[in-house]
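Only one structure is covered here, and it is reproduced in the block below.
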Amino acid sequence: MSEANKKRILIAISGGIAAYKTAELVRKLKKDDFEVRVCMSRAACEFITPLTMQALSGNPVHTDLLDPTAEAGMGHIELARWADMIMIAPASANIMAKLAHGIADDLTTTLCLASEAPLHLAPAMNRIMWQNPATRANAELLAERGITLHGPASGEQACGESGAGRMLEAAELADIIRRQFATNNRNNNNDDDDDDENDSDDDKVLSNPLENKQVLITAGPTREAIDPVRFISNRSSGKMGYALAEAARDLGAHVTLISGPVALEAPQGVTVLAVESAQEMHQKALQQAQSADIFIATAAVSDYAPKQQATQKIKKQAQEITLELTQNPDILSDVSRQYPSLFTVGFAAETEKLIKHAEDKLKRKKLDMIVANPVGDNQGFDQDTNQVEIIWDQGQLSLPEQAKSALAKEIMQIVSQRFANHPILV
Ligand code: PMT
């Protein structure tokens with residue numbers, strides 16, 4: 001690739017033992033033909049030397065805000081403009097706090113404030129620091145402002161403790177960076193279908209974030225028993241949820257499908273757990289969510305169930321009878337509340353005000369994404385085709401009417417991209 005076409009990554013290293021992984025990250029990025037420059041905080045230089053990073057990046061390393069030699073070469077403002085993307089790895093609790101509050105008292109924080117390039121962070125710190133309410137609030141503030149946090153992962157830490165706080169591995173971060181540019185390229189190429197050269201670049205850099213991930217999906221209707229032979233239910237056929245299960249499986253995920261009563265065959269390679277009522281689905285979902293990475297709620301769960309179930313078939317006697325209903329638990333809300341680090345996708349089935357109601361559900365149920373479909377009038381329920389609006393905190397996308405199998409593939413691609421970019425908040 002010519003120098004002019006190379007993507008430019010500015011890697012900023014803050015103080016933390018995980019800095020040793022950043023050396024490997026820089027090596028990988030150079031190998032993938034990225035143009036890499038490195039800036040390091042004073043604390044970072046205690047963990048790894050600028051000389052190492054210079055040798056790996058092939059460029060002088062920037063360490064000081066007011067360094068006359070550096071300013072004579074590429075000054076900090078020029079560096080801020082140069083970058084196509086900034087990745088801070090490791091990102092300490094301290095630098096997260098500074099960025100959240102707009103403090104610019106060293107080279108990295110000043111660069112970030114002065115740059116329009118997308119900013120990505122790979123947090124790394126002791127697990128208690130990561131769980132501290134101040135760090136949690138800073139992480140949320142940064143995510144709200146469009147700064148993307150990757151990780152941290154859970155596991156054994158350098159301090160000897162175990163928990164969430166490990167920086168993602170160099171290979172994972174390199175993958176995220178490649179994917180980021182692949183997505184940008186794809187978006188830029190939408191209007192330019194003839195650009196074969198870029199298409200092949202995309203193919204080269206795309207990888208699959210769902211590989212070996214645990215995806216939990218609910219599908220179909222629930223049945224709320226009135227007596228031993230009658231129930232309340234809805235028209236959901238399960239087609240949408242089953243198609244999503246197949247699409248997730250095809251992307252390499254391990255899929256568990258909690259299914260209400262449907263007339264569909266279990267997709268090959270997918271674990272199907274059959275349930276009847278909302279209560280059963282609720283219990284199974286909470287249990288399975290413990291080991292899931294992604295939860296997709298496609299099921300049309302009955303919002304209400306009869307307050308009492310008759311033990312015998314209700315006899316036809318009175319002219320009118322009244323059925324008392326009581327609210328069922330909200331499975332999706334409970335899962336997203338109990339497992340805040342899970343990537344949660346809801347569906348919204350609406351007969352009116354599609355976007356408004358879907359946005360309300362996205363917020364109220366604390367979801368990462370919601371798929372809104374118009375229903376009724378031969379739409380959505382029990383149809384072979386569907387049309388949806390996908391909404392997340394900072395984006396929205398319309399997918400036109402098409403077969404549920406094709407739609408499911410598109411939805412899973414978007415879930416997979418958003419999942420790869422979402423911060424893990426524990
Ligand atoms: O099964 P098909 O025939 O293929 O039809 C597909 C579909 C129309 C059922 C599907 O695309 C769809 O929209 N599913 C969600 C239906 C629904 O119940 O939507 P809702 O807007 O009422 O609920 C919002 C979300 O909360 C949904 O993700 C739902 O699964 C979840 N929920 C709702 C109530 C409840 N008690 N627990 C829940 O988890």
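The values are calculated or read from the model by the stated rules, or taken from the named source; none is laboratory data. As the structure is a computational prediction, the values presented were derived from the model and not from experiment. Ideal geometry is used to build each Cβ from the backbone, glycine not excepted, and the neighbour counts take in all protein chains shown. These accessible areas exclude ligands, DNA and RNA; they are computed on the full protein's heavy atoms, side chains included. Shrake-Rupley method; radii C 1.70, N 1.55, O 1.52, S 1.80 Å.
Structure summary
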| read-out | value |
| --- | --- |
| Single condition Ala278 does not satisfy, out of (1) more than 12 Å from the ligand (Cβ to nearest atom); (2) touching a Pro at 6+ places or on another chain (Cβ under 8 Å); (3) open to solvent by less than 40 Å² (accessible area, probe 1.4 Å) | (1) |
| Residues of the stretch 281-307 satisfying the condition of being in a helix (DSSP H, G or I), away from the ligand (no atom under 13 Å from the Cβ) and open to solvent by less than 70 Å² (accessible area, probe 1.4 Å) | Gln288 |
| Count of the stretch 146-166 residues which are of a type in the set (S, T, N, Q), in a strand (DSSP E or B) and open to solvent by less than 60 Å² (accessible area, probe 1.4 Å) | 1 |
| Residues of the stretch 228-275 classified as within 14 Å of the ligand (Cβ to nearest atom), of a type in the set (A, V, I, L, M, F, W, C) and in a helix (DSSP H, G or I), total | 5 |
| Counted residues, the stretch 321-357 - those being aliphatic (A, V, I, L, M), open to solvent by 10 Å² or more (accessible area, probe 1.4 Å) and more than 16 Å from Lys284 (Cβ to Cβ) | 6 |
| Helices (runs of 4 or more DSSP H) enclosed by the stretch 313-426 - at least 2 residues per element that are touching an Asp or Glu at 6+ places or on another chain (Cβ under 8 Å) and within 11 Å of the ligand (Cβ to nearest atom) | 354-364, 404-421 |
| Residues located in the stretch 399-426, provided they are among the polar types (S, T, N, Q) and at pLDDT below 85 | Asn421 |
| Matching residues, the stretch 96-145, being surrounded by 18 or more Cβ atoms within 10 Å (Cβ to Cβ) and without any contact (Cβ under 8 Å) to a residue 12 or more places away in the chain | Lys98 |
